[in-house]
Amino acid sequence: MTFAEIILPLHLKGTFTYKIPEDLVEKSEAGMRVLVPFRGKKIYTGIIFKIHQEEPTAFIAKEIISLLDEVAILPKEQLQFWEWVSDYYLCFLGDIYRYSFPSSLKLESETYLKLKPHVTIDFQNLDSNEMYLIQALEVRQLINLTDVEAFIPKKEIVKTIHGLLELQYIEIDEKIAEKYKIKEVSYVKIKPDLLKNLELSNIINELKRAKKQQELFLSILEHQTDHPEKPLRKSTLLNDGLFGVSQVKSLIDKGFVEEYFLEKDRLQSYEGEIEEIDSLSDAQNLINEEIEEAFSKNENVLLHGVTSSGKTHLYLEQIETTINQGKNVLFLLPEIAITKQISQRLEKKYGKKLGFYHQKLTDFERVEVWRKIKNNEIQILIGTRNSLFLPFKNLGLIVVDEEHDTQYRKFENNFFYNGKDSALVLAKFHNANVILGSATPSVESYHLATSGKLKYIYLSERFGNVKLPTFELINFKEEQDFKKVKGNFSNFLITELQKNADSGKQAMILHNRRGFSNVLECETCGYVNYCSNCDVVMTYHKSAHEMKCHYCGQKASKPQFCPKCHGQKLNERGVGVEQIHDELKVLLPNLEIDRMDVDSMRKKFAYEKLYEKIEAEETNIIVGTQMISKGLDFENVDIVAIPKADSLLHIQNFRAEERAYQLILQVAGRAGRVSGKGKVYIQTYNPQHQIFQMIQEENPKIIYDYLLEERKKFKYPPFVKTIFIELKHRKEDKVERSARFLGSVLRKYIPEVCILGPEKSPIAKINTLYQYQILLKLPRSKDYTTYKNFVKKSLEEFDEITSYKTIKKEIYVDF
DNA sequence: AGCACGCCGACT
DNA sequence: GTCGGCGTGCTC
């Protein structure tokens, strides 16, 4: 008897044991998809995780209905990776499965059945249910499991289907092919039999009273004679605006032109010419040799290169080397919006061998990437961290660009993982190399590199010896005392911005807070507007004329007077980016000033439009949130200013200083990329702050040593391993009780010094759920595994309390 | 997670 | 008298 551990696409712990029917034992393999019954009537697509011979004792295993794959859809490296993710990040395999697979590859009761072609059915031997199903299938070729419920009792569905499958009367539809329709593009051509000169002139003559149609006909003809090999897309004809759909249709109706369809890749692949990439400079060649030497010693690389130091160039070189070895490349980015530069450069060279993958693709597009990865048609995949879960086989290199970015570490679809760390693990399973790249590496990666776990390579100079921007601190307190300020800007900064614009240069202003003002407060009674779902005040958005909650997205109209005491005066407190933008428009009325943040970029193509505008130098100053620190490489920006830099440090988080440093440096990197005359102005009340002082130093070691020292002193990563647990529930007393319980269970096993909390989360309620948190700081040693097992055990004990089952748990390992 | 079962409040 | 709320149990 052979059994299989099956991963089901459900938020449930572990795997489920099913019996593999005798006739399928030979064909079964870990990584294949199977159809299994679950909870009586429901049918799910599961994944074979393991195959074994141990019959379960506690329950009777049900049988697998059928195999959906002939070869494993998930390679063993990927299964290993899933197992690691689930074990390390304390999450369910079912959640990983749900997160990784495009939904059309894991159909549930939506799965379709059909009659096997060319079978003669012996109705004598069928029971009534089987008969109903066959009859239904004779009427409609395809039938969905949910539809079957209409005429077969729920409990007998599986039995009926199973019976008919066994009799070979019906089969599971290979729905990927059915559901997934290949996208076709329409093309036009002159009817081939008309291409005799005599006929052509007749036709042209015939069309002389329909001038537009004649023109269109001639234009198609011209294209065909000029580029006989290149099919002409209908949409290109229409896009010019010269011709309309009706004219094309008339020509088709008259039988002069023919419309035909060609299969089109749903993914927009590059159709232009393939170009060589520039060769490396001498300095880059040296670095490249260092990288190769590290790889030859099986070491991964941290490429710490100041902004525009040519990291991309080095990536490209390694990508090429990897491809030439017949292996594939995964290129990770924090978000897909910033692929522009890298993909443009890669497209030129690799064209169709390039693929893209991210959370914004449609299901069809995802299936296509899956298929291409499986067929080895994609050699380079550019994607966000979820690409790590694609069924790679032949990985030779993973690049993690902007490795410090917070987008790599977030909680999504029921689990938390760090894309950068996971990339290192996945690479190990594939024996692949990794390059982590950043201008401002995370403190953790820097520590790994300087303690020898990664090869550290520092590029201190910009490519082509362009000078790095210089920093200037503006003591805002002093400026205020001397009455040399207007609102949030010092007169000095305003003058510099004006001069900069006068000399034809652009500037960027960073203010990392959305909205116009943080709070509206009643002058008389102090009333502030709280969000009804969350324990936070609503932010005033002046341009949208409303109050917004930044945590749940709730909107409310701006109150005209205090709803409590009817006071007329509502004070705006706390400065948002909208206000900075408005102020600047008043202070520099002759300049074109635009704002870039999630609120102003929400409209379709807003980002693209502004991008073009900046590129065309039609704007003088861009005011924005952290959004402006990513992916905006404009040649003409010389000044970057941070008017209220102190706000970057006022975040209650052990990474606040690191993040402030990274954000300032990243945005500073936008300045003087070509001119080498980049200037960064930091206005602060506290110019003595270490971070501001150290940012001016060109040696990053100083700042990293400082940050590491702080982490050591206050026991934070990388010197301890953290596990952060957040419990959420609609009822506050219930979460509080449960959190206290979990705290006490943890304290049974883990020393007091390692446990912080439980305590109310800094934001006590988000989206109608109250939240409590526990932070574990575990020693970084061999004991870590022991402690982690205790955490697992504690969580299991927690789960045993039935009334705590409704409490949502979020677990962040390496928080 | 989902879905059924079972036990207490406000309504045609 | 019911409809329906959500607490509890269970899924191979």
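Observations, loosely collected:
- Computed [θ] at 222 nm, deg cm²/dmol, chain A (DSSP H ≥ 4; -39,500 (n - 2.57); rounded to nearest 500): -10500 deg cm²/dmol
- The stretch A:184-263 - Debye-derived log10 I(q)/I(0), Cα point model, q = 0.13, 0.14, 0.20, 0.23 Å⁻¹: -0.35, -0.41, -0.87, -1.18
- Across A:Lys712/A:Lys792; A:Lys13/A:Lys374; A:Lys348/A:Lys374; A:Lys548/A:Lys644; A:Lys13/A:Lys734; A:Lys393/A:Lys777, pairs whose alpha-carbon gap is larger than 31 Å: A:Lys393/A:Lys777
- Listed by chain and number, the lysines placed with their C-alpha closer than 21 angstrom to that of A:Lys212 are A:Lys189, A:Lys191, A:Lys234, A:Lys249, A:Lys254; residues fewer than eight positions away on the same chain are left out.
- Cα principal axis extents for the stretch A:3-105, largest first, Å: 34, 30, 26
- Amide hydrogen neighbours beyond the local backbone of A:Thr470, cut-off 5 Å, H modeled: A:Gly678, A:Lys679, A:Val680
- A:Lys486 long-range amide H proximity, modeled H, under 5 Å: A:Asn491
- HN-Hα J in Hz across the stretch A:506-515 - Karplus 6.51, -1.76, 1.60, θ = phi - 60°, x for Gly and Pro: 9, 9, 10, 10, 9, 9, 8, 8, 6, x
- Taking 7 Å steps out from each Cα toward its Cβ at A:Asp633 and A:Ser201 produces label points 5.7 nm apart.
- Residue exposure sequence - A:Arg673, A:Arg385 - by fewest surrounding Cβ within 10 Å: A:Arg673, A:Arg385
- Over the stretch A:720-813, relative contact order from alpha-carbon pairs under 8 Å, at least 6 apart, %: 45 percent
- HN-Hα J in Hz across the stretch A:703-713 - Karplus 6.51, -1.76, 1.60, θ = phi - 60°, x for Gly and Pro: 6, 5, 4, 4, 4, 5, 4, 4, 4, 5, 4
- Each residue in A:Lys777, A:Lys734 was given a count of other beta-carbon atoms within 10 angstrom of its own, and listing them fewest first yields A:Lys734, A:Lys777.
- Computed about the Cα centre, the dipole magnitude for chain A is approximately 2200 debye when only Lys and Arg (+1) and Asp and Glu (-1) carry charge, each at its Cβ.
- For the pair A:Glu572 and A:Ser543, label points projected 7 Å from Cα toward Cβ lie 1.3 nm apart.
- Of the GluC sites (Glu not before Pro) in the stretch A:22-101, the ones in a loop by DSSP (not H, G, I, E or B) with at most 12 other beta carbons within 10 Å are A:Glu26, A:Glu54, A:Glu70.
- For A:Lys254, A:Lys713, the sequence from fewest to most other C-beta atoms within 10 Å is A:Lys713, A:Lys254.
- Legend: translational diffusion of the stretch A:282-462 by Stokes-Einstein, Rh = Kirkwood radius over C-alpha pairs, 10 °C, 1.306 mPa s; D = 97 µm²/s.
- Normalised contact order of chain A, rounded percent, pairs of Cα under 8 Å and 6 or more residues apart: 10 percent
- Distance-filtered residues of the stretch A:217-239 - backbone nitrogen under 14 Å, label point 7 angstrom along A:Lys254 Cα→Cβ: A:217-221
- In Hz, Karplus ³J(HN,Hα) per residue of the stretch A:487-503 (6.51, -1.76, 1.60; θ = phi - 60°; x = Gly, Pro): x, 9, 10, 7, 4, 4, 5, 4, 4, 4, 5, 5, 4, 4, 5, 4, 8
- The separation of the stretch A:203-257 from the stretch A:431-494, counted between C-alpha centres, amounts to 57 Å.
- Per-bin percent of Cα-Cα distances, the stretch A:647-722 [10 Å]: 16, 47, 28, 8, 1
- Residues with amide H under 5 Å from that of A:Val400, placed H, sequence gap 5 or more: A:Leu332, A:Ile435, A:Leu436, A:Gly437
- For the Cα trace of the stretch A:121-171, dividing Rg by the Kirkwood Rh returns an Rg/Rh value of 0.91.
- Using the Cβ-Cβ distance between A:Asp193 and A:Lys352 with R0 set to 41 Å, the FRET efficiency works out to roughly 0.75.
- Paired Rg and Dmax values of the stretch A:720-813, which use every Cα atom, in angstrom: 12.8, 40
- According to the Cα-based calculation, Rg over Rh for chain A is 1.01, with Rh computed by the Kirkwood formula.
Throughout, read-outs are computed from the coordinates displayed, never taken from laboratory work. The structure displayed is predicted, hence computed values, not measured ones. All Cβ positions, even for glycine, are placed from backbone atoms using ideal geometry, and neighbour counts span all protein chains on display.
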